[in-house]
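**Q** Quick one: this structure, given as structure tokens, is what I'll be asking you about.
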Amino acid sequence: MQPHVTPVAWTLVVPLKPLIRAKSRLAATAGDPARAHLALAFAQDTVSAALTCGAVRDVAVVTDDRCAARELGALGARIVPDVPSAGLNPALAHGAAEVRARRPDAPLAALNADLPALRPEELARVLDFAAGSPRAFLADADGTGTTLLSALPGHALGPVFGPRSRAGHRASGAREIVLAGVDSVRRDVDTAADLVAARALGLGPFTARACREQVPCQGAGVAPVNSGQ
């Protein structure tokens, strides 16, 4: 049996590319300023929900975007400069190394920055499940990607995010987290359709406000606030 980690000990590593390059697949429904605004709002809702989760000790955001660093730092996240500047997986490996350099016994979880409907209680259930395995991952709502990857103390994170990362993480030896009722942790947003699906779950306040201001896609402009945050 794998050791169970104290739930409050988790450190989340959240990668965020420069906002001007984020969410390119929303380009058809939102111009560059609106996309950057939405990408920041997604990250703000993700980080604020994570920081109110009882299973989370702290959040490290890996980014070189000054605006995002300022806004997410104001929420309580620790900002880690993206020194490799070589894409998602190097950023995550760097963030994990920075966390472990400060706290070698930290249980880690990489979490996508685009979970605008994230509910703290659902994240807590996912992390509780993850605490039973050296490495574990949660597939995204589409069933091919990954929204969360965890590693207990003594185990490297080993991220292989990207196309078909669900299969990649499974092949790497990570255990798949299979839970019902954690839709908000699986619902990342890359497209206008994804945003409408997140709206149905209940958007966080930052994204709800951004949708009212930007109206990026049909049906998303009057999004209700996620009452779970």
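**Q** Cβ neighbours within 10 Å, averaged per peptide: list 118-131, 176-189, 76-89 in order, most packed at the top. Present the calculation step by step, with values, prior to reporting the outcome.
**A** Values: 118-131: 22.3, 176-189: 19.1, 76-89: 16.7.
Highest to lowest by the protection proxy: 118-131, 176-189, 76-89.
**Q** Let me check something: with ligands and nucleic acids excluded, how do 161, 206, 42 order by accessible area (1.4 Å probe), largest to smallest? Numbers along the way, then the final one.
**A** Working: 161 25, 206 50, 42 0 Å².
Heavy-atom accessible area, descending, gives 206, 161, 42.
**Q** Okay, moving on. Leaving ligands, DNA and RNA out of it, report the carbon-plus-sulfur percent of the accessible area of the chain at a 1.4 Å probe.
**A** Working: 5190 of 9530 Å².
Carbon and sulfur: 54 percent of the exposed surface of the chain.
**Q** Also, I was wondering about something else. Indicate the helices, whole DSSP H runs only, in the chain that combine a mean Kyte-Doolittle hydropathy of 0.0 or more with a Cα extent along their long axis of 24 angstrom or more.
**A** 32-51
**Q** Looking at the chain from every direction and averaging, what is the projected area of its Cα convex hull in nm²? Present the calculation step by step, with values, prior to reporting the outcome.
**A** Working: hull surface 43.8 nm².
Approximately 11.0 nm², given one-decimal rounding.
**Q** Mind giving me the nanometre distance, one decimal, between the label points for residue 193 and residue 58, set 7 Å out from Cα along Cα→Cβ?
**A** Rounded to a tenth, the inter-label distance reads 4.1 nm.
**Q** Would you please give the FRET efficiency between residue 172 and residue 121, computed as 1/(1 + (r/R0)^6) with r the Cβ-Cβ distance and R0 = 25 Å, to the nearest 0.05?
**A** Numbers: r = 28 Å, r/R0 = 1.14.
Efficiency, rounded to the nearest 0.05: 0.30.
**Q** Separate question: Can you tell me which of 111, 201, 40 moves the most in a GNM of the chain? Springs connect C-alpha atoms under 10 Å apart.
**A** Highest fluctuation among the options: 201.
The values are calculated or read from the model by the stated rules, or taken from the named source; none is laboratory data. Note that the structure is predicted; figures quoted are calculated from it, not measured. Please note: Cβ atoms are built from the backbone with ideal geometry, for glycine as well, and neighbour counts cover all protein chains shown. Accessible surface areas use protein heavy atoms only, side chains included; no ligands, DNA or RNA. Shrake-Rupley method; radii C 1.70, N 1.55, O 1.52, S 1.80 Å.
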